[in-house]
Structure formats: C-alpha cells, structure tokens
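The values are calculated or read from the model by the stated rules, or taken from the named source; none is laboratory data. Quick caveat, the model's predicted, so the values are computed rather than measured. Backbone-built Cβ (ideal geometry, glycine too); neighbour counts: all protein chains shown. Ligands, DNA and RNA are excluded from the accessible area calculation, which covers all protein heavy atoms including side chains. Shrake-Rupley method; radii C 1.70, N 1.55, O 1.52, S 1.80 Å.
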Amino acid sequence: MASPLSCMNNGGLASLVRLDRRPQLEEETPLSSEAMKALAFWQARPGEVLTVIDPDTTAYRARITCLDPERPSCVPFLCLPLPVESPLRIEVYHALPEKERFELVLQKLTEIGVARIVPMESQHSATLSERDSVQKKSHRWPNVISKAARQCRRAMLPELMPVHTFHQALARAALTELKLMLYEGDVRWSFTESFCSFRPQSVALLVGPEGGFSSDEVVLAQTKGFLPVSLGPRILRTETAAIVAAALLQSYLGDLS
C-alpha cells in the first residue's frame, strides 16, 4: 500500500523517458517498457512532442509516433545542446497560500527547474480543507505541473507531494545538504551569504505564508538544521518569495547563468 505522503504525480526519475541507445535524428526509435511507463506518467499521446534522454544523458526533442505495446516508438528530431535538468536538487516546502496563487507557484517552480514541491500547513497558513471548501481545486495541481514541464521542455516531472504538516515537512527535508528558511524577522544572514563558497547538491527551501512563520516554528526549524535567511529589505508576497529564492539558487548553484 502506498504511503499517504507518497508522490501525487509520479514525478522524479521515474518520469524520465530514457532511450536504450543513442538515436539518429529523424529516424524512428523503439521505446522500451520502462520508457512506456514514464510516458504514462506524462499521459502522453501519439503525435505529442516531449524531451527524451539517451544513455549518455543527452537530451532530445522527440515526437511520439506509436504507443502500441507491440511496437512503441518515437522520432527524435532535435538534439538539445545543454542538459534540461539541473545538477542542483531544489526542494521547496511551501505553506499553503490562499486561492489560486499556489497554482502560479507550481507553474513557475517547474519552469525554474525545482525537483520537488511540498505544500504544507503551518500555524498562519491556509489549510487544504479551507481551500477546497467552496470548490475542490487541489486535484488540478498535477496537471498544472505537467503543462508547465511540457512548455519549458523538461525531461522530468518535478515531484508533487501531498499536503504535509509542518513537522512532516521538516522530516521530509532531513537529508538535504543545505536547509534555508525564508524569514522576515531579525536574521544574521542574507540569502546568498548562507551558502557563500559552499556548493551543495541539494537544497531545501522553507517558504512561509503571508503571516510568516510563528516563533515556535522558527525555533523548531532551526533545531532541524534550517538557517533563517532574508531576501532583502522589501517584504515579498509568499509566491514571489518562493519564485525569487528558487531562481537565485539556480543562478548561484544550479544551471541558470
């Protein structure tokens, strides 16, 4: 039985469409059973163009020509000059905002190259039941990510996790090398000073609601290894803060240059 906190959208490495060999452009290339499983996570259809990778991790744009289990195939037509997935694994733990703003966050974090997105409930955040009380919209989140991943040519769907409690979010982030908490209070570190010459391969980013984190939550996060950091003198909306922080991480430590 799947964990109640398991991935909602089959994102991550399982969604990479891998070719068994280096393809020739404009030639039909067979797809393996593993590639077919990945395409199912994308809900791909014949004629659709997606990003696939070969055994050397070179990325290609390819048209899906056949999804018949007996002879699945695609036609790669463009070799991409750079990897489309970042070497930096960014995990964003985002307190639920009100209304549709979280859909904007999902879209933009996908485009920036975030690997995992974890919505959470904190002391001052909205709750999932409050958000879905009038009209259930959280079921649309995987589709928002899928559309954004297609648009920006990603090879992998970022993992979308179910809504976590604050404690569950801290536990989920435990294995990341660098843990940052966006905090509006009195902090010693600016965002970029927090990593300075350190070059981690994975970063957890904790983003609070419009009301910010409570003092108890800040203390608890610090005991779990999170460093409170500031994005500057202006107070940003929660969705703006998440997008700006993720972009800065990719710029300084990842593949946005």
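For the range 44-93, state which GluC sites (Glu not before Pro) are in a DSSP loop and have at most 13 other beta carbons lying within 10 Å of their beta carbon. List each step's numbers first, then the result.
Values: sites: E48, E70, E85, E91; in loops: E48, E70, E85.
Taking the range 44-93 and a limit of 13 other Cβ atoms within 10 Å, the loop GluC sites (Glu not before Pro) found are E70.
In order along the range 52-64, phi translates into HN-Hα couplings of 10, 10, 9, x, 8, 6, 6, 9, 9, 8, 9, 9, 6 Hz, rounded to whole numbers, per the Karplus curve 6.51 cos²θ - 1.76 cosθ + 1.60 with θ = phi - 60° and x for Gly and Pro.
Mind pulling the per residue volume of the convex hull built on the Cα atoms of the range 6-89? Å³ is fine. Intermediate results must be reported in sequence, preceding the final value.
On the way: hull volume 7.8 nm³, N = 84.
Enclosed volume per residue, from the Cα hull, is 93 Å³.
In this structure, the amide hydrogen of S122, modeled 1.01 Å from its nitrogen in the peptide plane, lies closer than 5 angstrom to those of L96, counting only residues at least 5 positions away or on a different chain.
Adding -39500 (n - 2.57) for every DSSP H run of four residues or longer, then dividing by how many residues the chain holds, sets the calculated 222 nm ellipticity at -8000 deg cm²/dmol. In straight Cα distance, which aspartates and glutamates are under 13 Å from K224, not counting same-chain residues fewer than 8 positions off? List returned: E177, D216. Given 37 °C and 0.692 mPa s, compute D for the range 68-195 with the Stokes-Einstein relation, Rh being the Kirkwood radius over Cα pairs; round to the nearest whole µm²/s. The calculation lands on 194 µm²/s. For the range 163-246, the solvent-accessible area works out to 51 Å² per residue, with a probe of 1.4 Å and every protein chain left in place. Per q in 0.13, 0.23, 0.32 Å⁻¹, report the Debye log10 I(q)/I(0) for the range 206-254, using one uniform scatterer on each alpha carbon and no solvent. Per q value, in the given order, log10 I(q)/I(0) is -0.34, -0.97, -1.21.
When nucleic acids and ligands are ignored and a 1.4 Å probe is applied, L256 ends up with an accessible area of around 80 Å². Remark on E159: its backbone amide H falls under 5 Å from those of G12, R116, I117, a criterion applied only to residues 5 or more positions apart or on other chains, H modelled at 1.01 Å from N. Using the Karplus relation 6.51 cos²θ - 1.76 cosθ + 1.60 with θ = phi - 60°, the per-residue 3J(HN,Hα) values for the range 220-236 come to 4, 4, 5, 5, 9, x, 7, 9, x, 9, 10, 9, x, x, 9, 7, 9 Hz, with x marking Gly and Pro. Loop-located trypsin sites (Lys or Arg not before Pro) in the range 142-199 (DSSP state other than H, G, I, E, B) with a sparse environment of at most 11 neighbouring Cβ atoms within 10 Å: R188. By the equivalent-ellipsoid construction on the alpha carbon gyration tensor, the range 179-231 comes out with semi-axes of 19, 12, 10 Å, ordered largest to smallest.
Under a 5 Å amide H cut-off, with hydrogens placed 1.01 Å from N, T65 pairs with G47, S73, C74, V75 among residues at least 5 apart or on other chains.
Evaluated at q = 0.11 Å⁻¹, the base-10 log of the normalised Debye intensity for the range 1-153, with identical point scatterers placed on the Cα atoms, takes the values -0.50. List the aspartates and glutamates whose alpha-carbon lies under 17 Å from that of K147, not counting same-chain residues fewer than 8 positions away? Output for K147: E48, E85, E100, E103, E111, E159. Computed over the chain, relative contact order equals 22 percent, with contacts defined as Cα pairs under 8 Å that lie 6+ residues apart. The 3J(HN,Hα) values that the Karplus relation (6.51, -1.76, 1.60; θ = phi - 60°) gives for the range 164-179 are, in residue order, 9, 6, 4, 5, 5, 5, 4, 5, 4, 7, 4, 8, 6, 6, 10, 10 Hz. Gly and Pro appear as x. Ranking of H167, H94 by solvent-accessible surface, largest first: H167, H94 (1.4 Å probe, protein heavy atoms only, all chains present). Note on the chain: Kirkwood radius taken over Cα pairs, Stokes-Einstein applied at 20 °C and 1.002 mPa s, translational D equal to 111 µm² s⁻¹.
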